[in-house]
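Take a look at the following structure, please.
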Amino acid sequence: MDAKLIITEKPKVAFKIASALGKPIKKKFKNVPFYEIPEKNIIVAPAVGHLYELAEKNSSYKYPSFDVEWKPAYMVDKSKKYAKAYIELIEKLAEKAGEIYIATDYDIEGELLGYNIYKFACLSRGLRKPVKRLIFSALTQMDLRRAYENPSKVNMNLVNAGEARHILDWLWGINISRALTHAARSKRFVNALSAGRVQTPTLAILVKREIEIENFKPREYFEIHAVLDKISAVYKEPKIFEKEKAEKIYSKAKEADRAKVKSLDEKKIKVKAPYPFDLGTLQREAYSFFGFSPKKTLDIAQSLYEGGYISYPRTSSQKLPKNLNFRKIIKKLSEIKEFRDFCENLLKKNILKPSEGKQEDPAHPAIYPTGIIPERISKDEWKLYSLIVSRFLACFADPLVRVSTKAVLDINGLEFVTRGSVILERGWAEIYPINLEEKEIPKIKLGDVLRVSKVEMKKKKTKPPKRYTPASLIREMEKLKLGTKATRAEIIDILYKRGYITGKNIKVTNLGFAIIEALKERVPEIVSEKLTRIFEERLEKIQLGKESKYKVIEDAKKQLTEILKEFDKYKDEIGRKLVEAMENVVATCRCGGELIVLKSKKGSNYVLCKNCKKTFPLPKKYRILKRKCKCGLPLISFKVGNKTIHKCLDIDCKHFRREKAWT
C-alpha cells in the first residue's frame with residue numbers, strides 16, 4: 001500500500017506531527033530531515049516557508065511589468081539555495097505516495113504555500129494524487145491526532161485569495177518601486193527605492209502625523225487648582241484659554257478661606273476581566289510591557305507555537321475554543337511556581353467561564369497556552385509566554401472592583417472638582433500586570449466645610465499629537481484595514497530597513513517624507529489608504545467565494561497602468577524632489593558649492609560638488625570630519641588595518657600624502 005505523505009510548513013512542525021502520530025524514524029535527504037512512521041505507513045516531510053515565489057517571466061528593469069509566474073524560490077532568490085533540496089525531497093516522496101496531506105498553517109499564506117507545493121511538485125509533473133487538508137490550531141498530540149483522523153478539503157477560496165494578494169503585492173511593489181528608482185536615477189541618484197501596495201499608504205499615515213506635529217501651534221491655557229485639608233481640587237473647566245477669564249476665577253477663589261461639599265457621588269465599579277489575546281493586542285501589550293517590536297513579538301510567538309507551548313498566534317479572534325479543557329490546562333499551568341496560587345484558586349470554581357471579546361476568526365481561536373510547560377527557552381520567550389499565560393488565567397478570574405468618588409466643592413460660588421479611586425477587590429489584576437493608580441479621598445460628607453489652604457493658577461500649553469510607536473501604528477493599520485494580521489509587523493519592519501522611518505517614537509526620515517510628498521501631489525492613488533482598503537475588501541470577498549481572483553487582478557493591472565501613465569507625466573519633477581530630499585550635504589567645496597554624498601552604479605560612495613561638479617571618491621568605511629584641510633576641503637577619517645588615518649577629501653591634495661590602501 002502506498003504511503004501517506006504529510007507536508008508541513010517547517011522542519012520543527014514535521015517532527016511535532018510525526019511524534020504525535022506514532023513512533024517516527026528520522027531520515028535525511030541532502031541534509032533535509034523527514035520522518036517515517038512504518039506502523040502507520042506515514043511519511044512526514046517539511047517545507048521551509050514558501051518553496052515557490054513570484055518572478056517576472058522575462059527579467060527586465062522596465063515598467064509596467066505584468067508578466068509574472070511562480071518559480072522555485074531558489075531560482076528567484078539566490079539566498080534561498082537551501083530550498084532546492086526541500087523541493088527535490090518532496091518531489092521524490094510524492095512519486096511513491098498514495099495520498100498527499102497538506103499540514104501547513106491554516107490561513108491564507110499557509111493554504112497557498114501548501115497548495116503550491118502540491119500543484120508544482122505533483123500536478124505539474126503529472127502526479128494526480130488525492131489531496132487532503134489537516135487543520136489544527138495547536139501542536140499538541142490531541143489536536144494533531146484529531147486533525148489527522150478528521151481531514152478536510154483544501155480551501156480553494158483561501159488559495160485564490162492568497163495568490164491574488166501575492167500577485168497584487170508583486171505588481172504594485174515592483175512597478176511603483178521601479179518608477180521611483182527610474183525617476184531618481186534620471187537625476188543621478190542610483191540607490192534603488194522601494195514602494196508597496198500597503199507599505200506606501202502606511203508610510204503616508206506617518207508623514208501625515210509628521211506634518212501635524214510640524215504645523216502644530218501650541219495654545220496657552222490655564223488651570224485653577226485649590227488645596228483643601230489634604231484634598232486637591234481643580235476648577236470644573238480643566239482648560240481655560242482666555243487669560244482674563246482665568247484671572248477672574250483665580251481672584252474670586254483666592255478670596256475664600258472655606259469650601260463646602262456641594263455634592264458627593266460614590267460608585268462601585270466592576271471591571272470585567274480582559275479577553276484572551278488576538279495577535280494585534282498581544283503585539284501592543286508586549287510593546288507596552290517589554291518594548292518588543294511587533295515583528296519581534298510575532299517571531300517569538302511563532303517559536304512558542306512551534307514548540308507546542310501556545311496556540312497559533314496569527315489570529316484576530318478574541319474567543320477561546322468551546323471544546324477546550326480549561327480545567328486541565330489550568331491544572332498543568334499550576335506546576336509553574338509563579339502561577340500556582342492563582343491557578344489553585346481558579347480550580348476551586350465550579351464553572352470556568354472565560355471573558356471573551358467580540359472579534360472572531362474563522363480559521364483560529366484566540367491565543368492560549370496549551371498546558372505544555374516550556375523547557376530551555378530564552379528570557380524574551382519566557383517573558384512573552386508568561387504574558388500569554390497571565391492573560392489566559394485572567395480571563396477566568398473575578399472582576400476587579402473599585403470605588404470611584406467624585407466630590408464637587410463650592411469655593412466662593414465657584415465649582416471645583418476632586419476625584420478619587422480605591423480598589424476594593426483586585427480580582428483578575430492579581431495575575432495580569434496592569435498599572436492601577438489609586439487616589440484616596442479623606443472621608444468627607446455632604447455639607448462638610450473644608451479649609452482652603454492654597455489656590456494656584458497654572459499656565460500650560462497644549463501639546464502636539466503623539467508620534468506613533470510600532471504598537472500604536474499596528475492598531476491604526478487594523479482600524480484602516482491596511483495589511484493583514486500576519487503582514488503588518490513585517491511592513492513596519494521594512495519601513496525601518498529601507499531608512500524611511502527611525503526611532504521607537506516613529507519619526508519619518510527626509511527620504512520617507514520625500515517619497516510621500518512627491519507622490520501625493522501628482523499620483524495620490526499610490527499613497528491612498530482608500531484604494532488599498534478597497535482591494536483588501538475585494539480580497540476578503542475572494543476568500544468568501546464572492547469574487548473572482550482573475551477579475552481583481554485584471555482590475556489592478558488597469559488601475560496601475562493609469563497610475564503609471566500619470567506618474568510618467570511628472571517623472572522629472574518627482575525625480576528632482578526625491579533627489580533634493582536625499583542629498584546628504586556634508587560640507588562646502590573650495591568653490592563655495594555644497595558637497596553631497598552619492599552612491600555610484602558599482603555601489604561605492606563618492607562626494608559630488610553641486611556647483612563645480614567635481615567628484616571625490618570615498619573609502620568603504622569613512623567619517624567626514626568638521627575639521628578642514630588647508631586647501632578648504634573637509635578632512636576624512638578611515639582605517640588602514642588597525643591604524644586610523646586622517647586625510648584630505650581630495651586624495652591628490654599636496655598637503656596630505658596619498659594613501660594607496662583605500663583607492
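What follows draws every value from the coordinates through simple rules; no lab data is involved. Every value quoted in this text rests on a predicted model; they were computed, and no experiment measured them. No Cβ is skipped: glycine too gets one built from the backbone with ideal geometry, and neighbour counts run over all protein chains shown.
From the P(r) of the range 186-305, could you give the percentage of C-alpha pairs in the tail past 22 Å?
The share of Cα pairs beyond 22 Å in the range 186-305 comes to 71 percent.
Would you mind estimating how fast the chain diffuses translationally, via Stokes-Einstein at 4 °C and 1.567 mPa s with the Kirkwood radius over Cα pairs, in µm²/s?
43 µm²/s
In addition: Quick one: dipole size for the chain, taken about the Cα centre, charges +1 on Lys/Arg Cβ and -1 on Asp/Glu Cβ, in debye to the nearest 20.
Its charge dipole is roughly 2300 debye.
Here is a follow-up. If I model a spin label as a point 7 Å beyond the Cα along the Cα-Cβ vector, how far apart are those points for Asp2 and Cys612 in nm?
Result: 7.7 nm between the two label points.
Taking the convex hull of the alpha carbon atoms in the range 512-663, what volume per residue do you get, in Å³?
Value for the range 512-663: 171 Å³ per residue.
Something else about it: Checking the cross-link filter: which lysines have an alpha carbon closer than 19 Å to that of Lys620, excluding same-chain neighbours under 8 positions apart?
Result set, ordered by chain and number: Lys599, Lys601, Lys602, Lys639, Lys643, Lys647, Lys660.
Normalising by the residue count of the chain, find the relative contact order in percent from Cα pairs under 8 Å and 6+ residues apart.
Relative contact order comes out at 13 percent.
Which order do peptides 211-218, 378-385 fall in by mean Cβ count within 10 Å, highest first?
378-385, 211-218
If the viscosity is 1.567 mPa s and the temperature 4 °C, what translational diffusion coefficient in µm²/s does Stokes-Einstein give for the range 307-394 when Rh comes from Kirkwood over Cα pairs?
Diffusion coefficient, whole number: 95 µm²/s.
Exceeding 19 Å between C-alpha atoms, which entries from my cross-link table qualify? They are Lys481/Lys558; Lys260/Lys458; Lys28/Lys84; Lys481/Lys565.
Lys481/Lys558; Lys260/Lys458; Lys481/Lys565
Order these by the 10 Å Cβ neighbour count, fewest first: Leu495, Leu519.
Ordered by Cβ neighbours within 10 Å, fewest first: Leu495, Leu519.
Using the Cα atoms as the points, what is the convex hull volume per residue of the range 3-154 in Å³?
Value for the range 3-154: 115 Å³ per residue.
What net charge do the residues around Asn505 carry, taking every other residue with its C-beta under 12 Å from that of Asn505, with Lys and Arg at +1 and Asp and Glu at -1?
The answer is +4.
About the Cα centre of the range 3-154, how large is the charge dipole given +1 on each Lys and Arg Cβ and -1 on each Asp and Glu Cβ? Please answer in debye to the nearest 20.
My answer is approximately 560 debye.
Excluding residues fewer than 8 places away in the same chain, name every one of the aspartates and glutamates whose C-alpha is closer than 17 Å to that of Lys353.
Glu344, Asp398
Which shape class, rounded, prolate or oblate, goes with the range 585-662 when its Cα gyration tensor gives a ≥ b ≥ c as root eigenvalues, a/c under 1.5 marks rounded, and past that a/b bigger than b/c marks prolate?
The shape class here is oblate.
Please work out the Cα center distance from the range 268-286 to the range 214-260, rounded to the nearest Å.
Result: 36 Å between the Cα centres.
Just want the answer: with Cβ charges of +1 for Lys and Arg and -1 for Asp and Glu, which residue in Ser19, Ala138, Ile100 is farthest toward the dipole's positive end in the range 3-154?
Looking along the dipole axis, the top candidate is Ser19.
Holding the Cα-Cα limit at 30 Å, pick out from Lys40/Lys80; Lys337/Lys497; Lys40/Lys153 the pairs that are longer than that.
Lys40/Lys80; Lys337/Lys497
Contact order normalised by length for the range 409-497, with contacts defined as Cα pairs under 8 Å and 6 or more residues apart; what percent is it?
16 percent
List the relative contact order of the range 3-154 as a percent without decimals, with contacts defined as Cα pairs under 8 Å and 6+ residues apart.
Reported as a whole number, the value is 25 percent.
Take the alpha carbon atoms of the range 603-630, find their center, do the same for the range 472-551, and report the distance between the two centers in whole angstrom.
Their Cα centres are 36 Å away from one another.
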